[in-house]
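Written below as structure tokens is the structure these notes are about.
The values are calculated or read from the model by the stated rules, or taken from the named source; none is laboratory data. This is a predicted model, so every value here is computed, not measured. Heads up, the Cβs are rebuilt from the backbone with ideal geometry, glycines too, and the neighbour counts pull from every protein chain shown.
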Amino acid sequence: MDLYFDHLVHFSQNPTVAVKDFQTEGLNAFPGGRHEKWGTYNSVCYFGLSYIEFLGIEDMNQAKRAIDNDLVRQAVQELSLESNRGMSRLAFRTNHLQKWARHFEKTGVRVDGIHSGQRKKEDGSFIEWSMLFPKSQSGLELPFFIEWQQ
């Protein structure tokens, strides 16, 4: 099954500041958009096909209601602690998310289903994807898996 490094998630109180900082260094950073159903927003800095996602919370009440999304749950938890933000999760890209879900289930790794996501870009268009979150028995935050829809 295919598996590639997709991106690193960096929790940020203000993802917009990260864009300015990275652009000052000559890097390809720009505002990403809003995840309306989760109350989050992001900016991104690309390195080829891989990137750093600076993820922040725009609406804490909405984010707290999005408990089915493991990444948003972690962002709420970590960004609530002023000193605890930074590089937090890895994401691996695949074109076979269903196969990975079955693989984890066969090997005894719990997953909490496949979740659909979308981000509204500044131009009003949407980017869509699906995510899979394997669960660690030890409580360690494992990487998640993403399949892009475009």
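Computed values, structure above
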read-out	value
Scope the stretch 60-91; condition in a strand (DSSP E or B) and in contact with a helix residue (DSSP H, G or I) (Cβ under 9 Å, 6 or more places away or on another chain); matching residues	88, 89, 91
Failed criterion for residue 77 (all others in (1) polar (S, T, N, Q); (2) in contact with a strand residue (DSSP E or B) (Cβ under 7 Å, 6 or more places away or on another chain); (3) under 17 Å from residue 141 (Cα atoms) hold)	(2)
Members of the stretch 87-97 found to be at pLDDT below 95 and surrounded by 12 or more Cβ atoms within 10 Å (Cβ to Cβ), listed by number	88, 89
Candidates 138, 130, 116, filtered to the one that is among the hydroxyl-bearing types (Ser, Thr, Tyr) and more than 29 Å from residue 30 (Cβ to Cβ)	138
Of residues in the stretch 30-86 being hydroxyl-bearing (Ser, Thr, Tyr) and closer than 16 Å to residue 118 by Cα, the one surrounded by the fewest Cβ atoms within 10 Å (Cβ to Cβ)	41
Failed item, numbered, when residue 62 is tested on (1) at pLDDT 95 or above; (2) closer than 20 Å to residue 1 by Cβ	(2)
Cβ pairs under 7 Å, 6+ apart, first in the stretch 45-62 and within 13 Å of residue 14 (Cα to Cα), second at pLDDT below 95 and among the charged types (D, E, K, R)	58/34
Count of the stretch 85-110 residues which are more than 17 Å from the chain's Cα centre (by Cα) and without any contact (Cβ under 8 Å) to a residue 60 or more places away in the chain	10
Test: residue in the stretch 5-28 that is of a type outside the set (S, T, N, Q), out of contact with any Ser or Thr (no Cβ under 6 Å at 6 or more places or on another chain), surrounded by fewer than 13 Cβ atoms within 10 Å (Cβ to Cβ) and within 22 Å of residue 133 (Cβ to Cβ)	no
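Residue by residue, here is whether (1) hydrophobic (A, V, I, L, M, F, W, C); (2) part of a helix (DSSP H, G or I) holds:
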{"position": "95", "(1), (2)": "no, no"}
{"position": "102", "(1), (2)": "no, yes"}
{"position": "105", "(1), (2)": "no, yes"}
{"position": "119", "(1), (2)": "no, no"}
{"position": "123", "(1), (2)": "no, no"}
{"position": "130", "(1), (2)": "no, no"}
{"position": "136", "(1), (2)": "no, no"}
{"position": "140", "(1), (2)": "yes, no"}
{"position": "146", "(1), (2)": "yes, no"}
